[in-house]
1. Please give the residues of the stretch 97-123, grouped as numeric ranges, whose backbone N is less than 16 Å from a label point set 7 Å along the Cα-to-Cβ vector of residue 3.
2. For residue 72, enumerate residues with amide H under 5 Å from its amide H, sequence gap 5+ or separate chain, H modeled in the peptide plane.
3. For the pair residue 137 and residue 35, what calculated FRET efficiency results from E = 1/(1 + (r/R0)^6), where r is the Cβ-Cβ distance and R0 = 25 Å, to the nearest 0.05?
4. Sorted by accessible area (1.4 Å probe), largest first, how do 67, 237 line up?
5. Pop out the ³J(HN,Hα) list for the stretch 101-107 in order, Karplus 6.51 cos²θ - 1.76 cosθ + 1.60 with θ = phi - 60°, rounded to Hz; leave Gly and Pro as x.
6. When the chain is fully extended, how far beyond the present Cα-Cα distance does residue 262 get from residue 88, taking 0.36 nm per residue of separation?
7. For the stretch 189-229, with all protein chains present and a 1.4 Å probe, just round the carbon and sulfur fraction of the accessible area to a whole percent.
8. Ranked highest first by the average count of other Cβ atoms within 10 Å around their residues, in what order do 206-212, 98-104 fall?
Amino acid sequence: MSMILSASVIRVRDGLPLSASTDYEQSTGMQECRKYFKMLSRKLAQLPDRCTLKTGHYNINSLGVSYMMLCTENYPNVLAFSFLDELQKEFITTYNMMKTNTAVRPYCFIEFDNFIQRTKQRYNNPRSLSTKINLSDMQTEIKLRPPYQISMCELGSANGVTSAFSVDCKGAGKISSAHQRLEPATLSGIVGFILSLLCGALNLIRGFHAIESLLQSDGDDFNYIIAFFLGTAACLYQCYLLVYYTGWRNVKSFLTFGLICLCNMYLYELRNLWQLFFHVTVGAFVTLQIWLRQAQGKAPDYDV
């Protein structure tokens, strides 16, 4: 059932709540949305005057940046913003600007809740609305200037904890790229991961043997040891890039492959051509798999 669940009047400059409807709904989804209400109220000054935030089964709408409401996801936009428009007009008429600017206590205009409740009841029964001509005007206005769609990513984090809804967002500049989800691993990607681990293990074993030879004064160059261990680190980092998303991931994979090639060029005297070919080929193959396994093209439908 589509309906308005709650509404609030928020002061823009500091997010101070001036008035709010009395909510009786105590479901988990509503409790979660109240957190987003608070998070959004602290960012109102940075947002356009007409916004919508989709949070799964609920929408949070904002008009004039200081009039906010929570409704079910299927509640019509034209009714939602017409409802907020009525709140805005009544609040401006009832309270002068000086009072709202100097208010220091939260909910100091809580008596406005009476008007919010009456208006909410009317809009939860659209057939009884007597403002159809205004709805037509609002419909035209929304078509000409659609509400700005706020993504969950733009809210950042609450109390230092990243929102669960923002984990899988893609392409938003305010969320860490490390939290993006990669496409499902393919068989070739799994094979590349195993081969890269194998190359890393071979480099590690040869590195320890080189240390033993150096301690026994057999003349092994210390630089060979560095090359073996660098090769191990490069192979393991390729495995990491194959499994996790990071910023500049493709560039990092190319640079890592370059390091593998340099290490094997330096170890030319200690390896035969087949060994060198195997290590370089595996490095190239894993680099290709990293490039092919990109971030998922579409985030879950929690935001835009």
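1. 117-123
2. Here 3, 5, 59 satisfy the definition.
3. Efficiency at R0 = 25 Å is approximately 0.15.
4. Details: 67 15, 237 80 Å².
Per-residue accessible area, sorted high to low, gives 237, 67.
5. For the stretch 101-107, the Karplus curve yields 6, 9, 5, 10, 9, x, 6 Hz.
6. 55.9 nm
7. Working: 1670 of 2370 Å².
Taking all protein chains in place, the stretch 189-229 shows 70 percent carbon and sulfur surface.
8. Numbers: 206-212: 16.4, 98-104: 11.0.
Ranking the peptides 206-212, 98-104 by packing returns 206-212, 98-104.
The values are calculated or read from the model by the stated rules, or taken from the named source; none is laboratory data. What you see is a predicted model; the values in this text were computed from it and never measured. A quick note on method: Cβ atoms are made from the backbone with ideal geometry, for glycine too, and the neighbour counts reach across all protein chains shown. Note: areas computed on protein heavy atoms with side chains; ligands, DNA, RNA excluded. Shrake-Rupley method; radii C 1.70, N 1.55, O 1.52, S 1.80 Å.
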